[in-house]
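So the structure is just underneath, and the comments pick up after that.
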Amino acid sequence: MTTVHAAAPQGAQLLAPNQIVPLLIGATVDEVERELVLQTLARCDGNRTRAARVLGLSVRTLRNKIRLYAASGIQVPAYHD
């Protein structure tokens, strides 16, 4: 099982795409999706509406995914103004 975010604390450095792809090889589709969602949220400063738009998801779908991640103990980027 491969995870890239490593429970990234606030202010953690995000990986560049050329660093992410090799780490994702061998990961499941669910793991890749989760990482894409978390990285997008981080780059959108936790803004769920903007992240949902970038990902092509409804805000409701994104919130449901976030709820599942949080229930699994995965740290989700918080919103920053």
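If the condition is being in contact with a His (Cβ under 7 Å, 6 or more places away or on another chain) and charged (D, E, K, R), then region 24-67 contributes 35, 45. Here is the figure for region 63-81: residues that are in a helix (DSSP H, G or I) and closer than 12 Å to residue 51 by Cβ total 3.
Of the numbered conditions (1) farther than 19 Å from residue 14 by Cα; (2) among the β-branched types (Val, Ile, Thr); (3) touching a residue at least 60 places away in the same chain (Cβ under 8 Å), residue 59 satisfies every one except a single condition; which is it? (3) is the only condition that residue 59 fails.
Across region 1-31, the qualifying residues are those that are over 24 Å from residue 45 (Cβ atoms) and modelled with pLDDT under 70, and the one among them that is surrounded by the most Cβ atoms within 10 Å (Cβ to Cβ) is 2.
Look at (1) modelled with pLDDT of 95 or more; (2) out of contact with any Cys (no Cβ under 8 Å at 6 or more places or on another chain); (3) not in a loop (DSSP other than H, G, I, E, B) and you find that residue 57 fails only one, number (3). Being under 10 Å from the mean Cα position of the chain (by Cα) and either buried (at least 16 other Cβ atoms within 10 Å of the Cβ) or over 21 Å from residue 19 (Cα atoms) (or both) is the requirement here; does residue 78 meet it? Spelling it out, it is not the case that residue 78 is under 10 Å from the mean Cα position of the chain (by Cα) and either buried (at least 16 other Cβ atoms within 10 Å of the Cβ) or over 21 Å from residue 19 (Cα atoms) (or both).
As for region 35-42, it holds no residue that is surrounded by 11 or more Cβ atoms within 10 Å (Cβ to Cβ), at pLDDT 95 or above, among the charged types (D, E, K, R) and in a helix (DSSP H, G or I).
The values are calculated or read from the model by the stated rules, or taken from the named source; none is laboratory data. Owing to the predicted nature of the structure, the values given are computational and were not obtained by experimental measurement. Counting neighbours? That spans all protein chains shown, and the Cβs are built from the backbone with ideal geometry, glycine included.
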